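The values are calculated or read from the model by the stated rules, or taken from the named source; none is laboratory data. This structure is a prediction, so every number in the text was calculated from the model and none was measured. Note: ideal-geometry Cβ built from the backbone for every residue, glycine included; neighbour counts use all protein chains shown.
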Amino acid sequence: MGFFLVMKAELVRTFTIMRRYWFATLTGLIMGWGMLMVLIIGFMSGGGEMAERLAGEKATSGALGLVIGMFAFGIVGLFTQGLQGMARTGELEQVYMSPHGLVTNFLARSFVSALSAIFTSSIMLMLVAASVKGRLHADPLPTAAILFLTYVNLIGFGFMTGGLVLVFKQTGQVAVLIRLVLVGLAVVASEAVQDWPLVARGVAHALPITDAAICLKMVVVQGRGMGVFATSYFFFLLVSCGIWTSLGLTCFKIMENWSRDKGTLGAY
Amino acid sequence: MSNSNAIELHDVDKTFYTRHIFQKHEDTGRRRLYEKRAVHAVDRVNFTIERGEVFGLLGPNGAGKTTTVKMISGLVRPDAGKVFVDGLEVERKRLKVLRKIGVVLEGTRTCIWPLTPLENLSYFGNLRDVKGPILKQRARELLDFIGLKDKMNVQVRRLSRGQKQKLAVCIALITDPPVILLDEPTTGLDVQSSRAIRDKVIELTHERGKCALVTTHDMAVAQSLCDRIGIINHGALVACKPTDELLDVFSEQTFEFRVDRLPALDGLAAVPGVVGAEPCPEDDGPAFLLHLVQDEATRSAAMYDAMDWLRGAGCLLRSITRRQQTLENVFLRLTSEPRPARPDGE
C-alpha cells in the first residue's frame with residue numbers, strides 16, 4: 001500500500017515537472033529522435049556493408065538497442081548519479097526519513113522513471129521505424145513481460161551500484177562507465193552472442209541488459225511473439241533477474257546501514 | 001523510559017573515522033602513507049526532553065549538535081547507547097519512530113524547487129503516509145499558520161530564503177508529529193522570519209503539547225525560546241539545565257557598587273566572603289565590582305560587612321546592582337574549556 005502511495009507521489013511530481021518544463025521535455029524528445037536519425041542516416045549514406053546492415057529491420061533493431069541502452073542508462077543512473085545528486089542537495093535525507101524506507105522510495109521512483117522512459121522511448125522508436133521504413137511488431141504480452149523483467153533486472157543492478165554509491169560516493173564516476181557499457185551491449189546484443197569467446201559470452205550474460213535486449217529485439221523487430229519464452233535467452237533473463245534482484249537488495253541494505261554508521265547518507 | 005519524556009538519550013556515543021592517504025601530519029610534519037583518524041562526534045551524551053518542552057542544544061561548530069539530531073532521527077547509527085522517541089527505541093523501531101518526528105535539517109534544499117509549496121506538502125505528505133482530504137486540509141492550515149498562504153502556488157525557487165525555511169518547517173509538520181527536531185532553523189534569516197519561526201515553535205509546544213529540540217547559534221533565540229538548554233562541546237554535554245537556572249548558576253555573584261568616591265579596594269577584598277574587588281569604569285560616577293562567594297549565607301554576611309566597611313571608609317553608597325549573566329557569556333565560558341580526556345585515553 002505504501003509503495004503505491006509513494007509511487008503516486010513520484011508520478012505526480014515527475015509529470016508536474018514535465019508539464020511545467022514542457023519546452024525542455026519536448027525539445028529533449030525531438031533531440032533524441034534527431035540524434036538517432038542522424039546516426040542511422042549517416043551510416044546508411046556511407047554506402048557499402050554498413051548501409052546494408054542498417055537498412056530496414058537492421059536499422060530498427062539498432063535503434064531499439066540504443067533505446068533499450070538509454071533506458072538502462074537512465075534507470076541505473078537514477079541509482080548512481082541521481083543518488084549522488086540527491087545526497088548533494090539534501091533530498092536523500094528527506095526521502096530517507098519517509099517511514100516507507102529508502103528501498104520502497106527508490107523502487108517507486110525508478111518505476112515512475114521507467115514508465116516515463118518507456119513512454120518517450122516508444123514514441124522515438126516509432127518515429128525511427130517509420131522514418132527508415134522498418135516494421136515493429138505489436139505483441140503486448142511478451143513485450144510487457146520482457147519490459148517488466150528488464151526493469152526488474154536493471155533495478156537489481158541499480159540497487160547494487162546505488163548501495164556502493166551510498167558509502168563510496170566517488171564510485172559514481174565509475175558507474176558512468178558501466179552505464180555506457182550497458183548502452184553498447186544493448187546495441188550490439190543479438191543471437192550472435194553465442195558465437196563470442198567463452199569469457200566475453202559469460203560477461204555478456206552476467207550483465208543485466210544483454211538477454212533483455214536480445215529478447216526484446218526478437219519480439220518487437222523479428223516478430224517471434226510468444227516463441228521468445230522458449231528461447232535460452234529468456235531463461236538467462238529470468239536467472240539474471242533473480243540473481244541481480246537478490247544481490248542488489250542485499251547489497252543496498254548492507255550499504256544503507258554502513259552509510260548510517262559512517263554518517264555519509266546525506267553527505268557528498 | 002518515563003511516560004512524560006518524548007525523547008531520551010542514554011549514554012549515546014558516536015565516533016567518525018576519516019582516512020588519509022599520504023597526508024602531512026599536523027604535529028610531526030611527516031607524511032604517512034595511510035592514516036585513520038577518529039573524531040568523537042558525540043561522547044556519552046544523556047538527556048531527556050518532556051512533552052510540551054522546548055529544548056535547546058547549543059554548541060560551537062563541530063560540537064556534535066547535528067550528529068545528535070541525526071541520531072534521534074535515525075539518519076546516523078550510534079556506536080553505543082540508546083535513543084528513545086515517544087517510548088520507541090530508534091534502532092529497533094526506526095520506521096515507526098519516523099512517523100512520530102518532523103525534522104528540519106540545516107540548509108534550504110529540503111524541498112523540491114520546481115514545485116509550489118502546496119505541491120511540496122502534497123508530495124512529502126504522501127511519502128509520509130498522509131493522504132486525501134486530511135492532507136489537503138492540513139497543508140492549507142500549515143501554510144496559513146506559517147504565513148505562506150499567499151505563496152502556496154508560487155514555485156519554491158522563486159521564494160526567499162526565509163520563506164523556504166518556513167516551508168521546510170511546514171514539511172516537517174505535515175504528519176502532525178509529536179516530536180519536532182529543528183537543526184539551526186533560524187540561520188541566515190532576517191529578524192522577522194526568525195521571530196516568526198520562534199513564535200510558531202512556542203505555539204506548537206506550549207499550546208499544542210508537542211516537544212521540540214532546537215539547535216541554534218543564535219543565543220538570543222535560544223534564551224527567549226528554550227525552556228531548557230543543553231550545551232555540547234567536543235561531543236560532550238557540559239551543561240543541561242532550565243534556561244533561568246543555567247543563567248543563575250553561572251552568574252558570578254558579581255555586584256556593582258556605585259559610590260561618591262572610589263575607596264582603597266585592597267581593604268574591601270579582605271572582608272570574609274569577598275572573592276575580589278575591582279574598579280569598574282562607569283560614565284555615571286565612580287563604581288566598583290565586588291565578587292562574592294556562591295554560598296548564600298556567607299554571601300549575605302559578606303554583603304552586610306562590605307556595606308559596613310564602606311560606611312567606615314566614609315563612602316556615600318548610591319546603588320547596588322547585581323550583574324546579570326547572559327546566555328552568550330555562559331556559552332562562551334563553557335565552550336572555551338579544553339576537551340576532557342576520555343578514560344580510554346583517546
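Scanning region B:111-132 turns up at least one residue that is closer than 24 Å to residue A:265 by Cα, in contact with an Asp or Glu (Cβ under 8 Å, 6 or more places away or on another chain) and at pLDDT below 90. Any residue that is farther than 17 Å from residue B:316 by Cβ and either in the same structural domain as residue B:186 (by TED's automatic domain parsing) or part of a strand (DSSP E or B) (or both) - is there at least one of those in region B:259-269? Within region B:259-269, none of the residues are farther than 17 Å from residue B:316 by Cβ and either in the same structural domain as residue B:186 (by TED's automatic domain parsing) or part of a strand (DSSP E or B) (or both). Residue B:89 - would you say it is free of Cβ contacts under 8 Å to residues at least 12 places away in the same chain and closer than 18 Å to residue B:178 by Cβ? Spelling it out, residue B:89 is indeed free of Cβ contacts under 8 Å to residues at least 12 places away in the same chain and closer than 18 Å to residue B:178 by Cβ.
Could you grab me the full set of residues in region B:278-299 that are over 33 Å from the mean Cα position of the chain (by Cα) and surrounded by 15 or more Cβ atoms within 10 Å (Cβ to Cβ)? If the condition is that a residue be over 33 Å from the mean Cα position of the chain (by Cα) and surrounded by 15 or more Cβ atoms within 10 Å (Cβ to Cβ), then B:286, B:287, B:288 are the ones that fit.
Residues of region B:19-37 that are assigned to a strand (DSSP E or B) and loosely packed, with under 10 Cβ neighbours inside 10 Å: B:19, B:21, B:22, B:33, B:34, B:36.
Looking at region B:37-58, which of the residues that are among the hydrophobic types (A, V, I, L, M, F, W, C) and away from every other protein chain (no Cβ under 14 Å) is farthest from residue B:212 (Cα to Cα)? Across region B:37-58, the extreme among qualifying residues is B:45.
A single member of B:29, B:102 is assigned by TED's automatic domain parsing to the domain that holds residue B:179 and small (Gly, Ala, Ser), and it is B:102. Within region B:73-83, is there a residue that is free of Cβ contacts under 8 Å to residues at least 24 places away in the same chain, at positive phi, outside any helix (DSSP H, G or I) and in the same structural domain as residue B:213 (by TED's automatic domain parsing)? Scanning region B:73-83 turns up no residue that is free of Cβ contacts under 8 Å to residues at least 24 places away in the same chain, at positive phi, outside any helix (DSSP H, G or I) and in the same structural domain as residue B:213 (by TED's automatic domain parsing).
Scanning region B:302-313 for residues that are surrounded by 14 or more Cβ atoms within 10 Å (Cβ to Cβ) and in contact (Cβ under 8 Å) with a residue 24 or more places away in the chain yields B:302, B:303, B:305, B:306, B:309, B:310. Among the residues of region A:84-94, which ones are out of contact with any Phe, Trp or Tyr (no Cβ under 8 Å at 6 or more places or on another chain) and assigned to a helix (DSSP H, G or I)? Scanning region A:84-94 gives A:85, A:86, A:89, A:91, A:92, A:93. Scanning region B:208-222 for residues that are surrounded by fewer than 20 Cβ atoms within 10 Å (Cβ to Cβ) and touching a strand residue (DSSP E or B) at 6+ places or on another chain (Cβ under 9 Å) returns B:217, B:219. Among the residues that make up region B:183-193, is at least one of them under 14 Å from the mean Cα position of the chain (by Cα), under 30 Å from residue B:83 (Cα atoms) and not in a loop (DSSP other than H, G, I, E, B)? Yes, that holds for at least one residue. Suppose we keep only residues that are of a type outside the set (D, E, K, R) and without any contact (Cβ under 8 Å) to a residue 24 or more places away in the chain within region A:239-268. Which one would you say is nearest to the other protein chains (Cβ to nearest Cβ)? By that ranking, first place goes to A:263.
Only one entry in B:123, B:34 is away from chain A (no Cβ under 14 Å), over 22 Å from the mean Cα position of the chain (by Cα) and either at negative phi or among the hydrophobic types (A, V, I, L, M, F, W, C) (or both), namely B:34. Assessment of region A:116-135 against the conditions (in contact with a helix residue (DSSP H, G or I) (Cβ under 7 Å, 6 or more places away or on another chain), within 14 Å of chain B (Cβ to nearest Cβ) and among the basic types (Lys, Arg)) yields no matching residue. Within region B:85-120, being out of contact with any Ser or Thr (no Cβ under 8 Å at 6 or more places or on another chain), in a helix (DSSP H, G or I) and within 7 Å of chain A (Cβ to nearest Cβ) holds for one residue alone: B:95.
With respect to the conditions (1) within 30 Å of residue B:203 (Cβ to Cβ); (2) surrounded by fewer than 16 Cβ atoms within 10 Å (Cβ to Cβ), residue B:316 lacks only one, and its number is (1).
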